[in-house]
Amino acid sequence: MPHPRDRVEPSRRYRLLLLVPLLLMVALSSWAVASPVGGAPDENFHIASIWCGAGDREGLCESEPGEAGKLVPWATVGSQCFAFRSDISAGCQAEELGDDPNKLVLTEHVNATAHYYSPIYYAVMSVFASDNVPASVITVRIVNSLLFVLITTALFIALPARRRPLLVISLAVTMIPWGVFLVASVNANGWAVLAGGTLWLAMLGFFETSGWRRITLAVLAALTAVIGAGARSDMAAYAVLGMGAAVLLASRRGLGRRFWLSVILPAALAIVCFALFLSAQQIGIWQNGVAPGSGGSAQQGLGLLVHNFLALPSLWVGSLGTWPLGWNDVAIPPMVWVGTLFAASAAIFTGLVSMSWRKALVLAGTGLALAFLPLYLLQRSLTEVGGLVHPRYLLPLIMMFVGFALFPVGRRVPTASRLQIWTVAAILAIANAIALYSNIRRYTLADAPGVSLSTADSWWWESGVPQPTVVWVVGSVAFTAALALLAHALITRVRRTRIDARVSSPLPAASEG
């Protein structure tokens, strides 16, 4: 006779597959309007590059004979008057942009001229460019948020049931605050974050499933590989590492011809990633370590290497809140990063309850990449930690490392108690709410005293966007509700896993729905 809980399973799935994505979309949309135009790091470059992503278009991106740069609307490159100055709110834009924010100005700080990145991201997002720069920026941010929600939801549906906790937990404990901030921005790093959290799992699921799941996961793996490598060159390298890890984790003794034929997919995607890596001039940074505008250091040789090695962990944990948001001018209260560090550490140590040589090799390789890549670039550029390499560049690797640590081996499936799961969910909900509040207030009232998010003369979007307090409350509640539903589902999954282990011992089939 079916257990009573089994009879309500379709209802629970309905809530998860429909309500959670909607709640996450609301939460990310709140982040999308929590910053003004120019609020994300290097946003002047990214916005101008999006406006020129489809080539020359009248009023949006034009070429001037004899000039190396592009003519773009002044609002795309002149909106960051508050950058690096936490005492100035976004209200400075009104004076800075003047009466004609759409007047065309010449800039060389655009991908169409500099070719730092692959053109894919900017070409896709250029569809949403218009002469209304603020409205277009919000649209791009919301579209990026929607892309994240759609891909993670599709991946959740297609993955075997026993792999879904890997997706949910690895994203939940690494996305706050920099992950959600970047996903809901115009910065190309948002695509890298999406790929870092999903590509390796899509590839793993591709090897472990059959039928429609296998086809869906193959499509998702190909899509996220192009998304990641088409956004940043370093993500092209991370993508190859993630796919290689998935192949290794899926392999075992006695695998037949089907498995080795399946390796063709990651091999082909690795070639695509390599081609996209070569298409951008970021490759020059890897070759000679010199980046435009990178700062220097008084130290050299072994002294610089030791200094950077000792400071390296600040790059690993920076995306969890120890590094300021925006242009490094949005201070994040310690309440945020203490909570996110606790959650991420708890996930990693819980996952280490099970281990194999394959899992150990994957973790060691990812850990080596997290250490070697930033140290190499900093050493070649004679730059100390804090310049050139930023935590957001390493966030995709951090997300993969947490996922690899949680990977179950044999019958030793990492689990947590009901209290532990609810505690982590509550911590993450509070951390998100505080980070969102801090980000909104920095731009509305800067460092003015008090706790209010707005006053009669504070900055906010001109029209069509709810007031700051409404955005904060709705976004925080939506994120908390999504976490609560996922925590409840995870608790149910843990309980059933324990019951299965007591009754019959073997793990669920890889193709389980």
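The values are calculated or read from the model by the stated rules, or taken from the named source; none is laboratory data. Quick caveat: nothing in here was measured; it's all calculated off a predicted structure. All Cβ positions, even for glycine, are placed from backbone atoms using ideal geometry, and neighbour counts span all protein chains on display.
Tell me, which residue of the stretch 430-449 that is of a type in the set (Gly, Ala, Ser) and farther than 15 Å from Ser86 by Cα is surrounded by the fewest Cβ atoms within 10 Å (Cβ to Cβ)? Lay out the reasoning, then the answer.
Restricting attention to the stretch 430-449, the residues satisfying the condition of being of a type in the set (Gly, Ala, Ser) are 431, 433, 435, 438, 446, 448.
Right, trim to farther than 15 Å from Ser86 by Cα and you get 431, 433, 435.
Numbers: Ala431: 26, Ala433: 19, Ala435: 28.
This residue is Ala433.
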**Asked** Does Ser118 fit the bill of being in a loop (DSSP other than H, G, I, E, B), more than 18 Å from Ser35 (Cα to Cα) and modelled with pLDDT under 90?
**Response** yes
**Message:** As an exercise: evaluate Phe82 against (1) assigned to a helix (DSSP H, G or I); (2) in contact with a Cys (Cβ under 7 Å, 6 or more places away or on another chain) and give the number of the one condition it does not meet.
**Reply:** (1)
**Given (1) modelled with pLDDT of 95 or more; (2) in contact with a strand residue (DSSP E or B) (Cβ under 7 Å, 6 or more places away or on another chain); (3) not hydrophobic (A, V, I, L, M, F, W, C), index of the condition Thr107 fails** = (1)
**Asked** Considering Val494, Val477, Val471, which residue is touching a helix residue (DSSP H, G or I) at 6+ places or on another chain (Cβ under 6 Å) and either closer than 20 Å to Phe156 by Cα or modelled with pLDDT of 90 or more (or both)?
**Response** Val471
**Item:** Output for the stretch 55-84, where each listed residue is more than 22 Å from Asn187 (Cβ to Cβ) and hydroxyl-bearing (Ser, Thr, Tyr)
**Value:** Ser63
**Asked** more than 25 Å from the chain's Cα centre (by Cα) and over 17 Å from Ile398 (Cα atoms) - does that describe any residue in the stretch 240-252?
**Response** yes
**Request:** Please state which of the following conditions Gly66 fails to meet, knowing it meets all the rest: (1) on the phi < 0 side of the Ramachandran plot; (2) assigned to a loop (DSSP other than H, G, I, E, B).
**Result:** (1)
**Request:** Considering only the stretch 131-145, state which residues are farther than 17 Å from Val168 by Cα and part of a helix (DSSP H, G or I).
**Result:** Val133, Pro134, Ala135, Ser136, Val137, Ile138, Thr139, Val140, Arg141, Ile142, Val143, Asn144
**Message:** Looking for something out of contact with any Phe, Trp or Tyr (no Cβ under 8 Å at 6 or more places or on another chain) and not in a helix (DSSP H, G or I) - is there at least one such residue anywhere in the stretch 46-55?
**Reply:** yes
**Prompt:** Does at least one position in the stretch 402-423 carry a residue that is free of Cβ contacts under 8 Å to residues at least 24 places away in the same chain and among the aliphatic types (A, V, I, L, M)?
**Reply:** yes
**Asked** Residue check: is Gly318 under 18 Å from Gly244 (Cα atoms) and either out of contact with any strand residue (DSSP E or B) (no Cβ under 9 Å at 6 or more places or on another chain) or among the small types (Gly, Ala, Ser) (or both)?
**Response** no
**Prompt:** Filtering the stretch 146-189 down to residues that are over 18 Å from the mean Cα position of the chain (by Cα) and not in a helix (DSSP H, G or I), which residue is nearest to Gln93 (Cα to Cα)?
**Reply:** Leu159
**Fill in**
Of the candidates Val127, Val133, Val149, the one satisfying the condition of being surrounded by fewer than 18 Cβ atoms within 10 Å (Cβ to Cβ), among the hydrophobic types (A, V, I, L, M, F, W, C) and in contact (Cβ under 8 Å) with a residue 12 or more places away in the chain is Val127
**Asked** Out of curiosity, is Arg12 of a type outside the set (Val, Ile, Thr), modelled with pLDDT under 90, farther than 30 Å from Val470 by Cβ and touching a Ser or Thr at 6+ places or on another chain (Cβ under 8 Å)?
**Response** yes
**Item:** Every residue from the stretch 295-347 that is closer than 23 Å to Ala83 by Cα, exposed (fewer than 15 other Cβ atoms within 10 Å of the Cβ) and without any contact (Cβ under 8 Å) to a residue 40 or more places away in the chain
**Value:** Pro334
**Asked** Got at least one residue in the stretch 425-446 being part of a helix (DSSP H, G or I), farther than 30 Å from Phe309 by Cβ, more than 20 Å from the chain's Cα centre (by Cα) and among the small types (Gly, Ala, Ser)?
**Response** yes
**Request:** Select, from Val362, Val353, the only residue that is touching a residue at least 12 places away in the same chain (Cβ under 8 Å), within 25 Å of Ala239 (Cα to Cα) and of a type in the set (A, V, I, L, M).
**Result:** Val362
**Request:** Filter the stretch 450-469 down to residues that are among the aliphatic types (A, V, I, L, M) and surrounded by 13 or more Cβ atoms within 10 Å (Cβ to Cβ) and give me whichever is nearest to Ala94 (Cα to Cα).
**Result:** Val465
